[in-house]
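Heads up: the structure comes next, in structure tokens.
The values are calculated or read from the model by the stated rules, or taken from the named source; none is laboratory data. Just so it is clear, the structure is predicted and the values come from calculations on it, not from any experiment. Virtual Cβ from ideal backbone geometry, glycine too; neighbours counted across all protein chains shown.
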2 protein chains.
Amino acid sequence: MLRLSKLTDYATVILSFMASDSGTIHAAMEIASATGIALPTVSKILKQLVNANLLMSTRGAKGGYTLARTPDKISLATMITALEGPIALTECSISQQACGQATGCGIRGNWHLINQTIHNALESVTLADMIRPIPAKDAAWKQETLIPIASLYR
Amino acid sequence: MLRLSKLTDYATVILSFMASDSGTIHAAMEIASATGIALPTVSKILKQLVNANLLMSTRGAKGGYTLARTPDKISLATMITALEGPIALTECSISQQACGQATGCGIRGNWHLINQTIHNALESVTLADMIRPIPAKDAAWKQETLIPIASLYR
DNA sequence: TTAAACAGGACTAAAATAGTCCTTATTTTT
DNA sequence: AAAAATAAGGACTATTTTAGTCCTGTTTAA
């Protein structure tokens, strides 16, 4: 399904919330109630985002979290990497080492390219893009995008 | 990590092997020893590929599997979908229903768009591409897929 | 000094994934 | 007709990953 983990998904929701009120400091508790995600979970994610330098934290009473950069400087690729590590569709996209495959699979180089392409796509979307309303022709767009997925079933 | 499952990875190896000797019928056993993947696992994957209409099977002695189409007609998106179901980075990319998020997350529409872009990228790579030596810079598919999502908004 | 907040890490529970195996159906060979 | 080779379908188990919670310590404002 090529799925992001739930935590990564939450992270985008949390970051979107923070971006929509950028500059302000938000306590974990506040974020939890605003997003409806349980506090311990929010807390865990926020820590990871701080470690990845996407957020800055302030300790103590009146402390909390703020974005480390403006929303247009935070890419989706960065968010995903913060939670899941390097973007890599296959094991061999990560390391240069040969995988265990008997014959030497010969498609490794191509995986690397494919992976790079996906990465570029995710790099080109920023948090600023994500909090923007869906572009105008709402209905038309919905139709367009649903067709290809459905066509996989024919 | 945005990872494909191991089985999907195996599937690409199996299909690559079959594509490199396209037209011939291959028994599961043969594929297992050629690829170094254990027979029961190979067998499981082959069945899924038949169900997804990527392979055709022949029963009985001298039976086996062949590609249902030529390698240039089999996209990576199709292979992934065969093993993992529809390509969807997030839960809400799949269904039209609102997710449980309290406030209504407001980024759902954008997820659809991102998802579509990834899907297009994977659709543009075929099995034929994958068994070719690493493409030169002018390869058509590479260029096509480098569409910046952000540009869709501007 | 106390309360509010984050930091770090350990732990548990649940879910997904990978892998194996058994039984049945079909086809070719002897 | 029997035997051998092969796929189909599904059940089952083990392992790994993921999600989620909680505890203890540290920092800071009031």
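Residue-by-condition table, conditions (1) under 23 Å from A:Leu89 (Cβ atoms); (2) of a type in the set (Gly, Ala, Ser):
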position	(1), (2)
B:Leu2	yes, no
B:Glu30	no, no
B:Val42	yes, no
B:Val50	no, no
B:Ala88	yes, yes
- Residue list for region A:27-39, filter: more than 9 Å from DNA strand C (Cβ to nearest atom) and β-branched (Val, Ile, Thr): A:Thr35, A:Ile37
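Right, A:Ile31: within 16 Å of DNA strand D (Cβ to nearest atom), touching a strand residue (DSSP E or B) at 6+ places or on another chain (Cβ under 9 Å) and within 13 Å of chain B (Cβ to nearest Cβ) or not?
Criteria met by A:Ile31.
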- Does any residue in region B:50-64 that is closer than 16 Å to B:Ala11 by Cα come within less than 8 Å, Cβ to Cβ, of a residue that is surrounded by 10 or more Cβ atoms within 10 Å (Cβ to Cβ) and of a type in the set (Phe, Trp, Tyr) six or more places away or on a different chain, and which pairs are these? B:Val50/B:Tyr65; B:Leu55/B:Tyr65; B:Met56/B:Tyr65; B:Ser57/B:Tyr65
- Of the conditions (1) at pLDDT below 70; (2) out of contact with any Ser or Thr (no Cβ under 7 Å at 6 or more places or on another chain); (3) more than 7 Å from chain A (Cβ to nearest Cβ), the single one that B:Tyr153 does not satisfy is (3)
- Number of the condition not met by A:Val42 [criteria: (1) modelled with pLDDT under 95; (2) within 14 Å of DNA strand C (Cβ to nearest atom); (3) of a type in the set (Val, Ile, Thr)]: (1)
- If you scan region B:4-26, which residues turn out to be more than 12 Å from DNA strand C (Cβ to nearest atom), farther than 30 Å from B:Thr90 by Cα and of a type outside the set (Asp, Glu)? B:Phe17, B:Met18, B:Ala19, B:Ser20, B:Ser22, B:Gly23, B:Thr24, B:His26
